[in-house]
1. Would you please list the contacts, defined by Cβ atoms under 7 Å and residues six or more apart or on different chains, that run from a residue in the stretch 192-209 that is closer than 15 Å to GLU260 by Cα to a residue that is assigned to a helix (DSSP H, G or I) and acidic (Asp, Glu)?
2. Identify, from the list GLY335, GLY280, GLY307, the residue that is among the small types (Gly, Ala, Ser) and surrounded by fewer than 21 Cβ atoms within 10 Å (Cβ to Cβ).
3. Could you identify the single residue in VAL51, VAL88, VAL45 that is surrounded by 21 or more Cβ atoms within 10 Å (Cβ to Cβ), over 24 Å from TRP454 (Cβ atoms) and at pLDDT 95 or above?
4. Select from the stretch 105-118 the residues that are more than 30 Å from the chain's Cα centre (by Cα) and surrounded by 20 or more Cβ atoms within 10 Å (Cβ to Cβ) and list them in ascending order.
5. Please tell me if VAL492 is among the β-branched types (Val, Ile, Thr), part of a strand (DSSP E or B) and either free of Cβ contacts under 8 Å to residues at least 40 places away in the same chain or in contact with a Leu (Cβ under 7 Å, 6 or more places away or on another chain) (or both).
6. Can you find, within the stretch 214-270, the residue that is modelled with the lowest pLDDT among those that are among the aromatic types (Phe, Trp, Tyr) and outside the structural domain of ARG136 (by TED's automatic domain parsing)?
7. Please state which of the following conditions VAL350 fails to meet, knowing it meets all the rest: (1) more than 25 Å from ARG564 (Cα to Cα); (2) more than 15 Å from the chain's Cα centre (by Cα).
8. So, in the stretch 270-323, exactly how many residues are at positive phi and not in a loop (DSSP other than H, G, I, E, B)?
Amino acid sequence: MSPNDPPAWWTGAVVYQIYPRSFQDSDGDGVGDLRGVLQRIDHLVALGVDVVWFSPIYRSPQDDNGYDISDYRDVDPIFGTLADLDEVVAALHERGIKVVMDLVVNHTSDEHPWFIESRSSKDNPKRDWYWWRPPREGMEPGSPGAESTNWGSYFSGPAWEFDRATGEYYLHLFSRKQPDLNWENPEVRTAIYDMMRWWLDRGIDGFRMDVINLISKTVGDDGSLADGVGDGLYGDNRAHTVNGPRLHEFLHEMHREVFEGRRDGLLLVGETPGATVEDGRLFTDPAREELDMVFTFEHMHLDHGPGGRFDLRPLDLRALKATMARWQAGLFDAGWNALYWCNHDQPRIVSRFGDDGAYRRESATMLATVLHLHRGTPYVYQGEELGMTDAHFDELTDYRDIESIRFAAEARAHGRLTDEQLVEALAAGSRDNARTPVQWDAGPSAGFTSGEPWIGVNPNHVSVNAEAERADPASVFHHYRRLIRLRHEDRVVRLGDFALVEPEHPHVYAFTRSGGGPSLFVAGNFSGEPQQVTVAGMNGARAELVLGNYADPPGLEGAALSLRPWEAVVLRAATDG
């Protein structure tokens, strides 16, 4: 987005992500549903959010909790009906809240009618709607290594599944029940665009596009796919599947076919693992007519060791600051940032980058302050506004996530980790940390359900819950309300320039926001020890405290700001009079 363009509505918006399975159950079956959402709309209104993004609620076998879709135009019965969804959308719209649907079109379920036809025979008209390839020449079909390439799945094991009915393999970058769609086939794209228009016609206000930068694969002139990198049986496929050669062509075509003529009020955000700042500019430059903003993963990988999400290491704050600042600068004049710490795929941020024990409230509010004062559109994941923590499960049987279960099974099979080490790894990195039920009150099952919840409720719900948070003016919940209101009211927060202060400070994240109004200085202490930082950008004027997460003002002597453990401070350059 250019500074000379009129600001889009979403520059001042805050998005709230609902993972329906864990939000609120209305019928006692232990799984959250749409009528449960209706019971909690007042919570969203009180928080002050502008948009609700629903993780998938489509009909699905639920192999990957709804990200394996068998019918794009229906609601899965565990969540309710299309009529229920229409009622939820209408209720949100009545309260001034827009609705964004998750769009999963890199793959479908293997139970989708398209795939059922595709696998029925080699000459079926929909055969080429998915990626089918024969076994390697001279190898026994179905044997390890006989796959047409050595690509590994993001969920462990091979990315190819042998289908005995036709003697060929189909590609699945994720679960074997999530076959990848072949976007090279124009019939596939036409069907997807038609489905998207159908949802917009029903009153949906946009899409969050799941792993959208994987839809274009690198294909040889002869239709071949090349091996990935790696010495093991299954290698790294990213050079052939991430940001492929026709990706921007497909996104521009989607924009033209689906959104042209009805862009006002819509929000288009892409999940783009592996995207660089340069990629982000291409995706979000309005002149290119692709997306409004993208989710980057760089800052979410900074605490990963060689073992990825299940090998978390201490965060180097200097690396986090440098990464965030690079995206702030890179998209300032041509694009827009999506800001997030948490979602359904990430451990809870207060447990990951903060202190979820003695300083849970302070570190949760500090992390929120630092994120929301960046330039971009903030995303709040359900329970984040309550300071919910990781699950801290202590048994492997507590986990439900397919990625976690497959990782544990593979690690056990190869003797890489003991069960004790596996419990420790999953406790730090599992996606289930974000998927425990929202903690509404201190009662049984945290007020989430009257039945047996589909996954365990965090025991700390007796003290960490919405009822307690809303009753305490100094709570995490009310701090989020103040942050959201500040974005709504202050043009500098929405559109001002960003500049780091003391980028090499190992414990303090400080920056200024300037342009279009009085400058702001923001500082967050990422440690449990007192820290000092130099206040910048106040132009010598008196500094007014806009927002803090301690009851009394911070220690400020001249330009020296003293920060208490996990303290957050927002100062504004005072104006005369």
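The values are calculated or read from the model by the stated rules, or taken from the named source; none is laboratory data. Predicted model, so just to flag it, every value in this text is computed and none were measured. Virtual Cβ from ideal backbone geometry, glycine too; neighbours counted across all protein chains shown.
1. Pairs that qualify, where the first residue is closer than 15 Å to GLU260 by Cα and the partner is assigned to a helix (DSSP H, G or I) and acidic (Asp, Glu), are TYR193/GLU257.
2. Being among the small types (Gly, Ala, Ser) and surrounded by fewer than 21 Cβ atoms within 10 Å (Cβ to Cβ) holds for just one of GLY335, GLY280, GLY307, which is GLY307.
3. VAL51
4. SER118
5. no
6. By that ranking, first place goes to PHE259.
7. (1)
8. The number of residues fulfilling the criteria is 1.
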